[in-house]
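Here is the structure we will look at.
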């Protein structure tokens, strides 16, 4: 992985989040905030309905990087801002999020990948960057 | 109520959490990555963001601090940074220690920046830094 150039575009992935995805992530992560499974709880906080865990979006987005570099142990750091929530309707279609990445810096054997996550063309993560060891 | 005077406050380390093969597999599956060979077998590592399971559990110590008047249900997670020194592995016994880094009060809300240090067998494994936006009911200024 030493000959990676700035501008390299990583293969993008899509992920569909349904209510079942959220329940599964709630159990796995032990984040049982009811806004991620109850429309009533979401409405009480002024949300239009149940939204995905920000950390589900963050964790799924990193698959772009781990699929590309082949070894999750190479990931040195990862940052995201949660700029927009991902509403997940109570149907079989759910919400489909598209994830991509571009190498924006290469220094001392460490690639910086700028990560993008969009729902219907709108960014849901801001300033998302991962550093990956490439030696 | 939480204020700049609480910057630097730390809480005692959590009880050790034992990273199990079953939990790693469950977490990978929840991210749609069940088939990734890195997360299975005798040398399994945890998905990088598995660290949130341990770091967010450590937030409870801060929410339980009566002086700060915080509640999880009035909190929005605004950003997250992980720095890994090595991957979490099956068999690690991990402690989590929370420190408050920064408090910026704005009217009836406050941005709280905190870092949770994750250690296994006396070795630093990961730092998980979060910014939380906490809101109090109208009329109660921070």
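Bear in mind these aren't lab numbers, they're just calculated from the coordinates by the rules spelled out. All values reported here derive from a predicted model rather than from experimental measurement. Note that each Cβ is placed from the backbone with ideal geometry, even for glycine, and that neighbours are counted across all protein chains shown.
Observations, loosely collected:
- With a simple spin-label model that places each label point 7 Å from the Cα along the Cα-to-Cβ direction, the separation between residue B:105 and residue A:12 comes to 4.5 nm.
- As a rough footprinting exposure proxy, the listed residues A:36, B:77 were ranked by other beta carbons within 10 Å of their own, and the order from fewest upward is B:77, A:36.
- Using C-alpha pairs below 8 Å separated by at least 6 residues, the relative contact order for chain A is 32 percent.
- Counting all C-alpha pairs of the protein assembly as shown, share separated by more than 30 Å (%): 29 percent
- Rounded to the nearest 10 degrees, the inclination of helix A:19-29 to the longest alpha-carbon principal axis of chain A is 60 degrees.
- Nearest 10 degrees, 0 to 90: helix B:21-30 Cα axis against chain B principal axis: 70 degrees
- Computed over chain A with a Gaussian network model linking Cα atoms closer than 10 Å, the most mobile of A:100, A:70, A:49 is A:70.
- Region B:7-142, Rg to Rh (Cα coordinates; Rh as Kirkwood inverse mean 1/r): 1.03
- In this label model, residue B:7 and residue A:110 are separated by 2.5 nm, measuring between points 7 Å along each Cα→Cβ vector.
- You can think of it this way: the chain between residue B:138 and residue B:43 has 29.0 nm of extra reach, that is 0.36 nm per residue less the Cα-Cα gap.
- Residue-averaged 222 nm ellipticity for the protein assembly as shown, from DSSP H runs of 4+ at -39500 (n - 2.57), nearest 500: -5500 deg cm²/dmol
- Residue A:23-residue B:72 pseudo-label distance in nm [points 7 Å out on the Cα-to-Cβ vector]: 2.0 nm
- Extension gain for the segment residue A:90 to residue A:43, taken as residue separation times 0.36 nm less the Cα-Cα distance, is 15.5 nm to one decimal.
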